[in-house]
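Reading through the structure tokens given below for one structure.
The values are calculated or read from the model by the stated rules, or taken from the named source; none is laboratory data. Source: prediction; values computed, not measured. Don't worry about glycine lacking a Cβ; one is built from the backbone with ideal geometry, like all the others, and counts go over all protein chains shown.
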Amino acid sequence: MIRGIRGATTVTENDANEIVANTKELVMEMAEVNKISPDEIATVLISATADINASFPAKALREINGWKYVPVMCMKEIEVPNSLPKCIRVMMTVNSHTRQEEVQHIYHNQAVQLRPDLSR
């Protein structure tokens with residue numbers, strides 16, 4: 001069964017170290033709480049708002065031990081008026097037998113306001 005795990009975070013500045021660190025923290029928690037190993041991940045898609053360009057958020061995954069072969073791609077988030085600034089969104093597509101309603105989606109920092117119904 002293929003499942004999607006959603007996650008999002010924000011940064012306070014357009015800073016390469018903060019972008020990579022916050023993305024890494026988010027992705028690692030997404031995998032940990034959903035008990036996903038790298039070989040179960042089909043793809044990771046990462047979008048960033050236009051105000052984030054100091055680094056590719058996907059660089060974070062290359063720093064995680066065992067994630068060398070996980071396919072990952074970054075893209076620009078669509079610009080919607082009054083949307084959350086400095087936001088990084090992640091969609092992790094995984095092979096899992098977990099039921100859809102049992103998947104734990106992770107939201108950090110200011111991104112918790114995107115889906116308060118799914119935030120822990």
**OP:** Select the strands (runs of 3 or more DSSP E) contained entirely in region 1-85, then report the ones holding at least 1 residues which are in contact with an Asp or Glu (Cβ under 7 Å, 6 or more places away or on another chain) and not polar (S, T, N, Q).
**Re:** 41-48
**OP:** Look through region 1-35, keep the residues that are of a type in the set (A, V, I, L, M) and surrounded by fewer than 19 Cβ atoms within 10 Å (Cβ to Cβ), and return whichever of them is farthest from Lys68 (Cα to Cα).
**Re:** Met1
Subject >> Hits in region 34-71 (condition: within 14 Å of the chain's Cα centre (by Cα) and among the charged types (D, E, K, R)) >> reply: Lys59, Arg62
Subject >> Members of region 38-84 that are farther than 18 Å from Asp15 by Cα, surrounded by 13 or more Cβ atoms within 10 Å (Cβ to Cβ) and among the small types (Gly, Ala, Ser) >> reply: Ala42
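Residues checked against (1) over 21 Å from Val112 (Cβ atoms); (2) among the polar types (S, T, N, Q):
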{"position": "Asn22", "(1), (2)": "no, yes"}
{"position": "Met28", "(1), (2)": "no, no"}
{"position": "Asp39", "(1), (2)": "yes, no"}
{"position": "Val44", "(1), (2)": "no, no"}
{"position": "Ala48", "(1), (2)": "no, no"}
{"position": "Glu79", "(1), (2)": "yes, no"}
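Listed here are the residues, each with its yes/no results for (1) charged (D, E, K, R); (2) out of contact with any helix residue (DSSP H, G or I) (no Cβ under 8 Å at 6 or more places or on another chain); (3) at pLDDT below 95.
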| residue | (1), (2), (3) |
| --- | --- |
| Ala8 | no, no, no |
| Glu13 | yes, yes, no |
| Asn17 | no, yes, no |
| Lys24 | yes, no, no |
| Glu29 | yes, yes, no |
| Ala54 | no, no, no |
| Val72 | no, no, no |
| Met75 | no, yes, no |
| Ile88 | no, no, no |
Subject >> Subset of region 52-77 (residues that are under 24 Å from Ile2 (Cβ atoms) and touching a Ser or Thr at 6+ places or on another chain (Cβ under 9 Å)) >> reply: Pro57, Ala58, Ala60, Leu61, Gly66, Val70, Pro71, Val72, Met73, Cys74, Met75, Glu77
**OP:** Pairs only if they're at least six apart or on different chains, beta carbon under 6 angstrom, first in region 47-70 and of a type in the set (S, T, N, Q), second crowded, with 18+ Cβ neighbours inside 10 Å and outside any loop (DSSP other than H, G, I, E, B); list them, first residue then second.
**Re:** Ser47/Arg89; Thr49/Cys87; Ser55/Ile19; Ser55/Val20
**OP:** Starting from region 10-22, keep only residues that are touching a residue at least 60 places away in the same chain (Cβ under 8 Å), then list their pairs with residues that are acidic (Asp, Glu) whose Cβ atoms are within a distance under 8 Å, requiring at least 6 positions of separation or different chains.
**Re:** Val11/Glu18; Thr12/Glu18; Asn14/Asp51
